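Participant: Take this structure first; my questions come after.
No value in this document is a laboratory result; all are computed from the given coordinates. These figures come from a predicted structure and were not determined experimentally. For neighbour counting, all protein chains shown are included, and Cβ atoms are generated from backbone atoms with ideal geometry for every residue, glycine included.
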Amino acid sequence: MLKRALTVLHSEYPIMRLGLLQGTYAELLYYNLGFMPADVEVEACVLPTSEINLLKSFR
């Protein structure tokens, strides 16, 4: 089913970019389907202390 979806999409989008987590089975799956790995992009997410304390209060 995934191969069929990629075939249909290829007619309108000859180039596709996927965002995946490193080291997952999805990464290997798409590589085996012909997607080439790109440079690793790292996005830092910062959670303020006040938000951390709020999350802890829900426990």
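Participant: Assuming a ≥ b ≥ c are the square roots of the Cα gyration tensor eigenvalues, decide whether the chain counts as rounded (a/c under 1.5), prolate (otherwise, with a/b larger than b/c) or oblate.
Facilitator: Note, shape of the chain comes out prolate.
Participant: Continuing with the same structure: Just how large is the dipole of the chain about the Cα centre, in debye to the nearest 20, putting +1 at every Lys and Arg Cβ and -1 at every Asp and Glu Cβ?
Facilitator: Value, rounded to 20: 300 debye.
Participant: In the chain, with Lys and Arg counted as +1 and Asp and Glu as -1 at Cβ, which of these residues, 16, 38, 6, has the Cα nearest the positive end of the dipole, that is, farthest along it?
Facilitator: Of 16, 38, 6, it is 6.
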